[in-house]
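To start, the structure under review is shown below, and the notes come after it.
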Amino acid sequence: MPVLRTTRFQRLLRIFAPMQQLQDDLQARWWNLEAQLVERFGKKPDMETLLFLIGVQEFGDIRRKFTKEEKQDLMHIAVCTLFAQSGYYRLDRVDEQGWPHFIQLKALPVMNVVEQESFMKDHILLYFSNTEIGEEPDSL
């Protein structure tokens with residue numbers, strides 16, 4: 001009876017195939033979100049636009065004009081809000097002007113650029129699965 005030997009390639013394939021399936025699922029969910037946002041806003045937002053949108057949503061004042069510095073602050077609010085979902089940040093307080101302030105609870109994992117993008121996309125998808133654009137945020 002012949003002995004079946006597993007090649008190194010087959011072993012690697014068993015390891016990486018599930019990871020590829022997760023990446024494919026993430027990409028499919030991401031495309032679905034992009035399609036919903038295109039339907040809602042008329043064009044596909046890039047990552048910066050999504051962070052700005054989430055920041056404005058969390059800040060709660062959608063009608064005012066923001067300075068360049070405030071736009072950066074809004075994107076920071078978005079990042080903290082997104083990663084708070086996984087316990088990396090916690091809302092500490094809201095100041096007298098209504099700006100939220102966060103405390104970092106643990107360090108973010110070290111990742112390469114592709115992993116960082118997937119990590120961010122996964123958190124954005126989680127955010128949109130729990131929040132509708134235009135509704136009042138729960139965290140404030």
Item checked: Total formal charge among the other residues, if their Cβ is under 14 angstrom from that of Tyr88, Lys/Arg +1 and Asp/Glu -1 -> 0
Next item on the list: Please arrange Thr49, Thr67 by counting, for each residue, the other beta carbons lying within 10 Å of its beta carbon, fewest first.
Entry: Thr67, Thr49
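Sort Val114, Val56, Val38 by Cβ crowding within 10 Å, fewest neighbours at the top.
The most exposed by this proxy come first: Val114, Val38, Val56.
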Check: Between Phe102 and residues 5 or more places away or on another chain, which pairs have amide H atoms under 5 Å apart, with H built 1.01 Å from N, and which residues are they?
Finding: Asp92
Item checked: Within the stretch 39-140, GluC sites (Glu not before Pro) in DSSP loop having at most 11 other beta-carbon neighbours inside 10 Å -> Glu96, Glu132, Glu135
Check: Rounded, prolate or oblate: which fits the stretch 44-130 when a ≥ b ≥ c are the square roots of the eigenvalues of the alpha-carbon gyration tensor, with rounded for a/c under 1.5 and prolate only if a/b beats b/c?
Finding: oblate
Checklist line | Net charge of neighbours whose Cβ lies under 12 Å from the Cβ of Glu115, counting Lys and Arg as +1 and Asp and Glu as -1 | finding: -1
Notebook entry, point to check: Each residue of the stretch 67-80 in order: what ³J(HN,Hα) in whole Hz does its phi give by Karplus 6.51 cos²θ - 1.76 cosθ + 1.60, θ = phi - 60°, with x for Gly and Pro?
Noted result: 6, 4, 5, 5, 5, 5, 4, 5, 5, 5, 4, 4, 4, 4
Margin query: To the nearest 20 Debye, how big is the dipole of the stretch 47-87 about its Cα centre, given +1 on the beta carbon of each Lys and Arg and -1 on that of each Asp and Glu?
Written below: 160 debye
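Bear in mind these aren't lab numbers, they're just calculated from the coordinates by the rules spelled out. Please read all numbers here as calculations on a predicted model, not as lab measurements. Note that we place each Cβ from the backbone using ideal geometry, even for glycine, and neighbour counts take in every protein chain shown.
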